[in-house]
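The values are calculated or read from the model by the stated rules, or taken from the named source; none is laboratory data. Given the structure is predicted, the values throughout are model-derived calculations rather than measurements. Cβ atoms come from the backbone with ideal geometry, glycine included; neighbour counts cover every protein chain shown. Accessible surface is based on the protein model in full, side chains and every heavy atom, while ligands, DNA and RNA are left aside. Shrake-Rupley method; radii C 1.70, N 1.55, O 1.52, S 1.80 Å.
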Amino acid sequence: RKEVEQDPGPFNVPEGATVAFNCTYSNSASQSFFWYRQDCRKEPKLLMSVYSSGNEDGRFTAQLNRASQYISLLIRDSKLSDSATYLCVVLSYNTDKLIFGTGTRLQVFP
Amino acid sequence: GAGVSQTPSNKVTEKGKYVELRCDPISGHTALYWYRQSLGQGPEFLIYFQGTGAADDSGLPNDRFFAVRPEGSVSTLKIQRTERGDSAVYLCASSLGRTLSYEQYFGPGTRLTVT
């Protein structure tokens, strides 16, 4: 079983739609959680960190449920420019290793 | 300012050859990481340097892979006797310090193709 699991998609949604991505992680001792965005043939870039209390950055909302070992990302009012792969990332306990999921591909169409 | 840079951007080599991939981190970043990303997968951790020393090399797949950072800045990932399965994008990242406190910034990667 992979340490971080995501639905690979693709998710094809129209502009203006709300879309949600989910992710589960297997190591209950994992200490930090992130969503990264990766455009085609580009490097991953940090989108947002994820906190137990939930956090929001504009149209993006991230949630963490430690009991269920589940992380989510909600994108409201999707834009064409949101088309990318969204990587769920976990910081392994007591290390500096980032563990990446396979990514979920989002395609927003006009 | 300048981000993480990696050279070459693309490398095609024959099976069995030796390759070196270079990473120039952001100036002042003491931590440096190497990852490997195969098609359709997320990046996979290889090795982490804090300064000149390898603090964690648990992700290196076998002894054909080796990395150095002799002066605590530029790093070189070395692959001996390359195999077709080594084909991937090799990503380098750097940060000001431990990942718990500081963001990792990724370079554009080196796309390695072993024929």
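Just checking the listed ones, A:17, A:62, A:84: in the Gaussian network model of chain A with Cα springs under 10 Å, the one fluctuating most is A:17. In the full protein context, chain A carries 48 Å² of accessible surface per residue, based on a 1.4 Å probe and ignoring ligands, DNA and RNA. Residue B:15 to residue B:96: FRET efficiency via 1/(1 + (r/R0)^6), r the Cβ-Cβ distance, R0 35 Å, to the nearest 0.05? For residue B:15 and residue B:96, the calculated efficiency is 0.35.
The tail of the calculated P(r) for region B:1-58, taken as Cα-Cα distances beyond 13 Å, holds 72 percent of the pairs. If you take the alpha carbon atoms of chain B and fit the smallest convex hull around them, that volume is 97 Å³ per residue. Report the calculated FRET efficiency for residue A:53 and residue B:5 (r = Cβ-Cβ distance, R0 = 35 Å), to the nearest 0.05. For residue A:53 and residue B:5, the calculated efficiency is 0.40. Only Lys, Arg, Asp and Glu carry charge here, each on its Cβ (+1 for the first two, -1 for the last two); on that basis the protein assembly as shown has a dipole of about 440 debye about its Cα centre.
Placing +1 on the Cβ of every Lys and Arg and -1 on the Cβ of every Asp and Glu, with nothing else charged, gives region A:40-79 a dipole about its Cα centre of roughly 200 debye. So if we plug the beta-carbon distance of residue A:76 and residue A:1 into 1/(1 + (r/R0)^6) with R0 = 22 Å, what FRET efficiency do we get, rounded to 0.05? Efficiency for this residue pair is about 0.10. Which percentage, to the nearest 5, of the DSSP beta bridges contained in chain B is antiparallel? So the antiparallel bridges amount to about 90 percent of the total.
Think of the protein assembly as shown as having a plus end and a minus end, set by charges on the Cβ of Lys, Arg, Asp and Glu; of A:69, B:77, A:22, B:77 sits farthest toward the positive end of this dipole. A simple charge model with +1 on the Cβ of Lys and Arg, -1 on the Cβ of Asp and Glu and nothing else charged puts the dipole of chain B at about 320 debye relative to its Cα centre. Principal axis extents of the Cα atoms in region A:6-49, from largest to smallest and rounded to whole angstrom, are 38, 22, 17.
Using a Gaussian network model of chain A in which every pair of alpha carbons under 10 angstrom is joined by a spring, one finds that among A:47, A:87, A:64 the greatest mean-square fluctuation is at A:47. Across the accessible surface of chain B, with the other protein chains kept in place and a 1.4 Å probe, carbon and sulfur atoms take up 48 percent.
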